[in-house]
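Encoded as structure tokens, the structure appears first; notes follow it.
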Amino acid sequence: MSTKEKSLNFIEQIIEEDLKNGLPTEQLHFRFPPEPNGYLHIGHASSICLNFGLGLRYNAPVNLRFDDTNPSKEEQEFVDAIKYDVEWLGYKWANEVYASDYFQQLYDWTIQLIKEGKAYVDSQTSEEMAQQKGTPTTPGTNSPYRNRSIEENLDLFERMKNGEFDEGTHILRAKIDMSHTNMLMRDPIMYRIIKTSHHRTKNDWCIYPMYDWAHGESDYLESISHSFCTLEFLPHRELYDWFLDQIVEEGKIRPKQREFARRNLSHTVVSKRKLAKLVNEGHVTGWDDPRMSTISGMRRRGYTPEAIRNFADTIGIAKRDNLIDVSLLEFCVREDLNKITPRVMAVLDPVKLIITNYPEGQEEWLDAENNPEEEVMTFRKVPFSRELYIEQEDFKEEANSKFFRLTLGKEVRLKNAYIIKGESVVKDENGNIIEIHATYDPESKSGSGTEASKRKVKGTIHWVSVPHAIEAEVRIYDRLFTDENPDGNKEVDFLEFVNPNSLTIVKGYLEPSLKEARVGEKFQFQRLGYFCVDKDSTAENLVINKTVGLRDTWAKVDQQ
């Protein structure tokens, strides 16, 4: 490969070093191994982009392997969601495999380990095991069952497999070293009894392998060359290698585990357990709630796969855990949506504007460009009439010289339309403005070529024709957590930081071109931000999600 060394991240440097040391390129094989116990989140997206990106870089296969060794937490729903997310991000796997594919082989290897005196059945309670485990600075003590005979261990393990014992009565442990400095090496559990139907194997098994026993062996069976995982698995590497030492045959590819840093995202959580708690306790509407850090939530909110891949590439691969500001992800989303979304007009906080000298009953359809980023400019027709909606904030009855929107006695341009001048207001009994009256210059229509149309005014505002407007439910999202690192204070429950104002629902008025908008379709509401059509939309009720604003406003709020 001709890539310069300085452009490689440390993961790629490991691979390049292995290739230099004689590993054939055709033996490179990677995998992405999620557990199907929840929906994937932004942290998984980084891992997906890493492993499948390596597959593309080195023209090597990448397996999608489901680590389905705990039937009490895993469901087919999660398997299907994971597959959809990986495909949506733009990747294809070489093989779809499951840890459960290897249950019989893992069992057979376990029998061999028992026969070699390297594994035993322990009948202690979990509390007793915890007491004899020791601490990081003091050695553990041997289980009273550690020296059971091979025959007794074989008999008990077979009876565990046959379902003769209740959950928690027996487990199988590897016999390594109870005084080892790495506590994970102190006779780790290999199997436990779980009497729950498995989403694939149903009730064929009632003993299930632990992650550490199943993972490396699955890598080996699939001829995985490099097994990349996050830093919390660094202490597990020694055990990963010990288990491989017991089974690897000479001449076979031996997987290599290496670790990279988890990238946490500010103002959210990326623990599936905590995400599940948000769902189960009703803090959000589901795994795909647009406020969630799940891939399905981001997709529903209007994020694009290109934006997420660009985000993963921007933050790169590191050796130390760190907190990434969510504003960077939003920047990547904004940058991509700017290139691909059509521009439309919508008003979310309306006040009625009446152009008093525009003929009553008259309407005209004006040309409006769809996206100035397009190579070939295209246009749509937008209806204009005597009565319009404009944003409340675009008008002030009295304003200083720095206010460049509509005010009394001054001119402003209506986007794609005419120059108007504020004349008067109508107020309700509480003094609230309910109507603005203005006059327009009939010669100033945009693009008409008249001298008046070329006249410069300092402000341009958007609008929607009242008789043509489509009503929509618009969901505006804020950060799900008020604290940038809700996991950072271990003494405070992360739920204490849930933002009660993370969702605001308003009635918006949209130009009629959005009448046939489809679920998932994305737009830029001019001067307001990027939006997409939500799956809750019906023929009678259009529901719109705000994806991201035109610029980052959170940083300004944070600094106040």
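The values are calculated or read from the model by the stated rules, or taken from the named source; none is laboratory data. Remember, predicted model here, so these are calculated numbers, not experimental data. Positions of Cβ are generated from backbone atoms using ideal geometry, with glycine treated the same way; all protein chains shown enter the neighbour counts. Heavy atoms of the whole protein, side chains included, go into the accessibility calculation; ligands, DNA and RNA do not. Shrake-Rupley method; radii C 1.70, N 1.55, O 1.52, S 1.80 Å.
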What angle do you read, to the nearest 10 degrees and between 0 and 90, between the alpha-carbon axis of helix 10-20 and the longest principal axis of the chain?
50
Starting from the residue with the highest accessible area, list 213, 287 in decreasing order, probe 1.4 Å.
287, 213
Sequence-separation-based contact order of the range 313-463, relative, with Cα cut under 8 Å and 6+ spacing, percent
22
Projected-area average for the range 148-268 over all orientations - Cα convex hull basis, square nanometres
10.7
Alpha-carbon spread of the range 429-560, three principal axes, descending order, Å
68, 40, 39
A student applying the Cα gyration tensor rule (rounded when a/c is under 1.5; otherwise prolate if a/b is larger than b/c, oblate if not) would label the range 381-421 prolate
Show 256, 490 ordered by accessible area, largest first, where the area counts protein heavy atoms only and the probe is 1.4 Å.
490, 256
Taking a probe of 1.4 Å and leaving out DNA, RNA and ligands, the range 481-536 shows per residue an accessible area in Å² of 53
On the accessible surface of the chain, probed at 1.4 Å, how many percent belong to carbon and sulfur atoms?
46
Sorted largest first, the Cα spans of the range 1-136 on the principal axes come out in Å as 56, 40, 32
Shape call for the range 353-406 from the C-alpha gyration tensor, a ≥ b ≥ c root eigenvalues: rounded (a/c under 1.5), prolate (a/b greater than b/c) or oblate?
oblate
Please compute, over every Cα-Cα pair in the chain, the percentage with a separation greater than 40 angstrom.
42
Just how many % of Cα pairs in the range 71-162 lie over 22 Å apart, if you round to the nearest whole percent?
55
Name the shape class, rounded, prolate or oblate, that the alpha-carbon gyration tensor gives for the range 1-63, where a ≥ b ≥ c are the square roots of its eigenvalues, rounded holds for a/c under 1.5, and otherwise prolate holds if a/b is larger than b/c and oblate otherwise.
prolate
Could you pull the accessible area for residue 183 with a 1.4 Å probe, rounded to 10 Å²?
50
Per-residue accessible area for residue 374 at 1.4 Å probe radius, Å² rounded to 10?
70
Loop-resident GluC sites (Glu not before Pro) in the range 324-361 with no more than 15 other Cβ atoms inside 10 Å, DSSP not H/G/I/E/B, are 360
Please give the per residue volume of the convex hull enclosing the alpha carbon atoms of the range 199-344, rounded to a whole number of Å³.
186
Given the convex hull over the Cα atoms of the range 57-121, what projected area results after averaging over all orientations, in nm²?
6.8
Accessible surface, per residue, of the range 23-90 when the full set of protein chains is kept, probe 1.4 Å, Å²
33
Leaving ligands and nucleic acids out of the surface, order 527, 262 by accessible area at 1.4 Å, largest first.
527, 262
Rg (Å, one decimal) plus Dmax (Å, integer) for the alpha carbons of the range 281-403?
21.1, 68
To the nearest 20 Debye, how big is the dipole of the range 354-431 about its Cα centre, given +1 on the beta carbon of each Lys and Arg and -1 on that of each Asp and Glu?
280
Surface per residue (accessible, 1.4 Å probe) for the range 105-158, Å²
54
Take every Cα pair under 8 Å in the range 119-204 that's 6+ residues apart, average their separations, divide by the length, and report that relative contact order as a whole percent.
33
